[in-house]
1. Taking the range 77-89, which residues are closer than 21 Å to residue 4 by Cβ and surrounded by 19 or more Cβ atoms within 10 Å (Cβ to Cβ)?
2. Report, by residue number, each residue of the range 10-68 that is open to solvent by less than 40 Å² (accessible area, probe 1.4 Å), of a type outside the set (Gly, Ala, Ser) and out of contact with any Ser or Thr (no Cβ under 6 Å at 6 or more places or on another chain).
3. Pull out all pairs, ordered by first then second residue, where Cβ-Cβ is under 6 Å, the residues are six or more apart or on different chains, the first lies in the range 84-96 and is closer than 15 Å to residue 19 by Cα, and the second is open to solvent by less than 60 Å² (accessible area, probe 1.4 Å) and of a type in the set (Val, Ile, Thr).
Amino acid sequence: MTIPPVWTTVILLTLSNIFMTFAWYGHLKNMKSQPWIIAALVSWGIALFEYLLQVPANRIGSQTLSLAQLKIMQEAITLTVFVPFAIFYMGQPFKLDFVWAGLCLVGAVYFIFR
C-alpha cells in the first residue's frame, strides 16, 4: 500500500513543523538563562531535522500540487502545530484570535485548492 503524494507531503510537513516550532520558540522556555548564541546553535541543530523533512515534503508535494498550494498547506499546518505548542508546551492561554486566524487559513486553503 502506497501513500498518495499529497498525504506524504502533509505528514512530512507536519513533522517538519514540529521540529521548526521547537527550534524557533522552544528556547524561550528552556534556555532563557543561556546566551543567545547558544540558543541559536541549538535551534540550528533542531532546524536541521526540519529541513531533512521539509525538503523532501516539498519535492514530493510538487509532483501534484502547485507552489501556491504547497505554501498555503505549509501555513495551515504551521498554525495547526503552533496553537497546541503555545497552549500545552509554552503555557499560553487559549485566545479566540487562534480561532479567527484558523478560519482565515481555512479560507486561504479553500481559495488556493478550488
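1. 77
2. First, the residues of the range 10-68 that are open to solvent by less than 40 Å² (accessible area, probe 1.4 Å): 10, 12-13, 16-17, 20-21, 23, 26, 31, 39-40, 43, 45, 47, 50, 53-54, 57, 61, 65.
Next cut, of a type outside the set (Gly, Ala, Ser) only: 10, 12-13, 17, 20-21, 31, 50, 53-54, 65.
10, 12, 13, 20, 21, 31, 65, listed by residue number.
3. 85/21
The values are calculated or read from the model by the stated rules, or taken from the named source; none is laboratory data. All figures in this text were calculated on a predicted structure; none of them were measured in a lab. So basically every Cβ, Gly included, is an ideal-geometry build from the backbone, and we count neighbours across all protein chains shown. The area values use the complete protein model at the heavy-atom level, side chains included, leaving out ligands, DNA and RNA. Shrake-Rupley method; radii C 1.70, N 1.55, O 1.52, S 1.80 Å.
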